[in-house]
Amino acid sequence: MPLLETLTRDVVESVLMGVAVGDALGLPLEFEWREPLDAWLEGLGELECVAPRGYCAYSDDTEMTLIVAESLAERCGVDQEHLAEMLMAKARIEDELRYYGAGTIAVIKLLRKGFPWKKAVLEVYEGGNMGNGAAIRVAPVALFYHPDTQAVWRAAGEQAIVTHAHPIGVEAARIQALAIHYSLSGVEPVRLPGVLMGQAKTREFKTALGRVEGLLGSDPTPREVVDALGNGAPGHESVPAAIYAHARARGDPLKAVLNALSLGGDSDSIASMAAAIAVAYSRGLGGLEHLRDAVEGADEISRVASKLYGAIRECTRG
Ligand SMILES: [Mg+2]
């Protein structure tokens, strides 16, 4: 069966929904659970859906994912100028409940002042931002360029550099995109860290992905995983943590999110990225399905998914 037939509109929508559901479940914990839990969560329980606005609110992770998806669809691929304009216009950095990272806020403010993105991105941090801000929004790139591994790798980096110029910030986006891409191809969750290690360029990612592989061979506590990988916003901590959460869950979306939440730290981003990978592998939301309509902007996510899927068909597959 041609791969196009396996990448259905439903899969595209489910992956975008997975980003939002993981983000929404992790967001209330981001500032509550800085430390990992003593034991792995077995169910959502009272975490089911904390809804301060009457729905499960999402954060910067989902907002930027939708922006990237729209830009890809409108430009038939990554167009850095267009993406910078879209981020400038649509990223609600003033909304403190979106919890944008300080570096991303600073870059977008400079863009609004008229700085070209190539200048803005190096103005904020010398050497660029190494946070996970470009990785958390990269799911649409993996969907758009799948099944072309090289195109996924290249485009993930191109979209990253618009706000995250540090080699770790860029590699975080590339590795997260490849994790989704390979999972769409059916790479088994426990094999994924080794496959990704073969693609990693930086010492930080090679080391972290090697540790993920090692952890899968034992039965560590959340604390032991965080001691090995970290759970913070830097790309080489939270992206490997998300990959571990997915692999430990053997690709089950709900379990991947529970694992991610157990790690604490940057929980919305780790849960969002873990969910995107696991949903791509299992081709549906699985045990997160009941949250599809509870999440903020479910209709908007569905609309963007249709737009992205239409572009995938028209732009990349003739
Ligand atoms: Mg967030």
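For the chain, the number of Lys pairs separated by eight or more positions or lying on different chains, with C-alpha atoms closer than 26 Å, is 10. Computed over the chain with a Gaussian network model linking Cα atoms closer than 10 Å, the most mobile of 71, 272, 238 is 71.
For 17, 197, the sequence from fewest to most other C-beta atoms within 10 Å is 197, 17. Working note: Karplus 6.51/-1.76/1.60 with θ = phi - 60° gives the range 105-111 the couplings 4, 5, 5, 5, 5, 5, 4 Hz, where Gly and Pro are set to x.
When +1 charges are put on Lys and Arg Cβ atoms and -1 charges on Asp and Glu Cβ atoms, the dipole computed for the chain relative to its Cα centre reaches about 1000 debye. Cβ-to-Cβ counts within 10 Å put 100, 281, 125 in ascending order as 125, 100, 281, the fewest first. Computed about the Cα centre, the dipole magnitude for the range 8-137 is approximately 720 debye when only Lys and Arg (+1) and Asp and Glu (-1) carry charge, each at its Cβ. Our helix-only sum for the chain, with -39,500 (n - 2.57) per DSSP H run of n ≥ 4 divided by its residues, gives a mean residue ellipticity at 222 nm of -18000 deg cm²/dmol. Summing Lys and Arg as +1 and Asp and Glu as -1 over all other residues whose Cβ lies under 15 Å from the Cβ of residue 202 gives a net charge of +2.
Neighbours of residue 274 by Cβ distance under 12 Å: Lys/Arg scored +1, Asp/Glu scored -1, total -3. Full extension of the chain between residue 313 and residue 300 gives 2.7 nm of extra length, using 0.36 nm per residue less the Cα-Cα distance.
None of the figures in this text is laboratory data; all of them are computed from the coordinates on show. These numbers were taken from a predicted model, which means no experiment stands behind them. Cβ sites come from the backbone with ideal geometry, for glycine too, and all protein chains shown count toward neighbours.
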